[in-house]
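To start, the structure under review is shown below, and the notes come after it.
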Amino acid sequence: MPAPNVRRPAMSIRPSRAFWLAALLFAALAVPASAQPLSAKAARDLAVLATAYPGLMTATEVDPAGRATVVLNDGTRLAYDDGRAKSPEELLDHPDIKDMLAEPYPLGPVTAEPAQGFSPGRRRVEPMFLALYGHDKQQVTANCRPVSFLGQTMAFNTRYGAADAFARATARLDRLVAADPSLRRHLLPASGGVVWRVIAGTRRLSVHAFAAAVDVSPKGNPYWRNLPRGTNMLATRQAFPVAIVTAFEAEGFIWGGKWSEFDLMHFEYRPELILLARLARGENLPLADIRGLVKAVR
């Protein structure tokens with residue numbers, strides 16, 4: 001059965017209260033006296049995951065040293081922080097949850113070329129995505145439904161609100177294109193659906209394997225592997241219509257045009273990163289209460 005839709009927190013009219021509400025949340029997440037409490041960052045990150053993907057986590061076990069292990073609804077156990085020092089490649093190949101959420105996704109217009117290696121969203125904990133969307137192509141396909149995208153139809157994963165978010169983003173884009181037909185060339189043709197494959201040059205599954213991403217106008221938007229490394233793409237990034245990026249971000253999608261290893265055609269459903277970005281800019285967002293999931297273990 002598809003997971004419930006992700007709740008979209010409403011923007012507060014008094015964003016300055018966000019700090020105090022977050023502080024109260026973190027203070028409430030202390031585990032029993034036999035263990036160290038979760039750090040404020042770990043508590044925030046796990047509350048954000050629980051908000052973005054309701055029901056994904058069934059427990060968070062905290063050992064006497066305060067190290068947290070997250071238990072997912074398929075039985076997968078994931079360390080929040082595995083304590084390992086990692087090279088840039090290891091951060092991509094073997095991230096923990098802390099690594100995955102460490103790079104802040106920048107909302108809004110692109111104002112500068114990203115620092116080399118700064119690509120928020122490219123670090124993905126693959127076992128989490130398998131639990132989210134399906135463990136193989138057959139499961140992923142069974143979890144999909146067709147969604148109309150500016151006259152095209154493509155399959156998108158229904159679990160955890162992904163297909164609904166994509167449909168809402170499409171509705172926003174429909175209105176934008178109706179007002180400015182020139183935007184259509186930046187969007188079509190689009191490529192999506194279940195594409196069970198690894199990312200070029202890696203052994204990591206693409207988000208397209210889970211039918212939780214879309215590539216817009218692939219021939220018209222460059223990809224980092226097709227240009228010399230270190231190419232300054234600022235003008236090209238800024239030429240991509242901000243209104244399109246904003247429409248996707250409003251519904252929980254991140255844009256590969258904000259990555260150092262740029263992928264200007266690519267949008268993927270990552271509501272946890274959008275929630276973190278909104279918290280960082282001071283919005284007052286109701287995060288899930290995860291006290292009932294936290295327990296001390298020996």
If the requirement is being touching a Pro at 6+ places or on another chain (Cβ under 6 Å), of a type in the set (Asp, Glu) and within 20 Å of Ser206 (Cβ to Cβ), which of these qualifies: Glu103, Glu126, Glu89? Glu103
Pull up region 63-73, narrow it to residues that are at pLDDT below 95, at negative phi and out of contact with any Asp or Glu (no Cβ under 9 Å at 6 or more places or on another chain), then point me to the one that is least open to solvent (accessible area, probe 1.4 Å). Asp63
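Regarding Pro271, is this residue farther than 19 Å from Thr153 by Cβ, at pLDDT 95 or above and of a type outside the set (A, V, I, L, M, F, W, C)? Talk me through it step by step, then tell me what you get.
On the way: farther than 19 Å from Thr153 by Cβ: yes; at pLDDT 95 or above: yes; of a type outside the set (A, V, I, L, M, F, W, C): yes.
For Pro271, the condition - farther than 19 Å from Thr153 by Cβ, at pLDDT 95 or above and of a type outside the set (A, V, I, L, M, F, W, C) - is met.
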Criterion: β-branched (Val, Ile, Thr) and over 15 Å from the mean Cα position of the chain (by Cα) - qualifying residue of Ile274, Ile254, Ile290: Ile290
For region 128-156, how many residues are closer than 26 Å to Arg77 by Cα and hydroxyl-bearing (Ser, Thr, Tyr)? 2
Do we find a residue being assigned to a loop (DSSP other than H, G, I, E, B), at pLDDT below 95, open to solvent by 30 Å² or more (accessible area, probe 1.4 Å) and of a type in the set (Lys, Arg) anywhere in region 8-28? yes
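Residues that are open to solvent by 30 Å² or more (accessible area, probe 1.4 Å): find the strands (runs of 3 or more DSSP E) completely inside region 236-298 holding 1 or more of those. Talk me through it step by step, then tell me what you get.
On the way: elements: 253-255, 266-269, 294-296.
The strands (runs of 3 or more DSSP E) meeting that bar are 294-296.
Look through region 74-93, keep the residues that are touching a strand residue (DSSP E or B) at 6+ places or on another chain (Cβ under 7 Å) and open to solvent by less than 70 Å² (accessible area, probe 1.4 Å), and return whichever of them is nearest to Leu46 (Cα to Cα). Can you show your working first?
As a first pass, look at region 74-93 and keep what is touching a strand residue (DSSP E or B) at 6+ places or on another chain (Cβ under 7 Å): 77-80.
Remaining after also requiring open to solvent by less than 70 Å² (accessible area, probe 1.4 Å): 78-80.
Values: Leu78: 12, Ala79: 12, Tyr80: 9 Å.
Among those that are touching a strand residue (DSSP E or B) at 6+ places or on another chain (Cβ under 7 Å) and open to solvent by less than 70 Å² (accessible area, probe 1.4 Å), it is Tyr80.
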Could you grab the pairs with beta carbons closer than 9 Å, sequence gap of 6+ or different chains, first residue in region 36-56 and closer than 25 Å to Ala162 by Cβ, second one among the basic types (Lys, Arg) and open to solvent by less than 10 Å² (accessible area, probe 1.4 Å)? Ala52/Arg270
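The values are calculated or read from the model by the stated rules, or taken from the named source; none is laboratory data. Given the structure is predicted, the values throughout are model-derived calculations rather than measurements. Virtual Cβ from ideal backbone geometry, glycine too; neighbours counted across all protein chains shown. When the accessible area is computed, the model is the full protein with side chains, heavy atoms only, and any ligands, DNA or RNA have been set aside. Shrake-Rupley method; radii C 1.70, N 1.55, O 1.52, S 1.80 Å.
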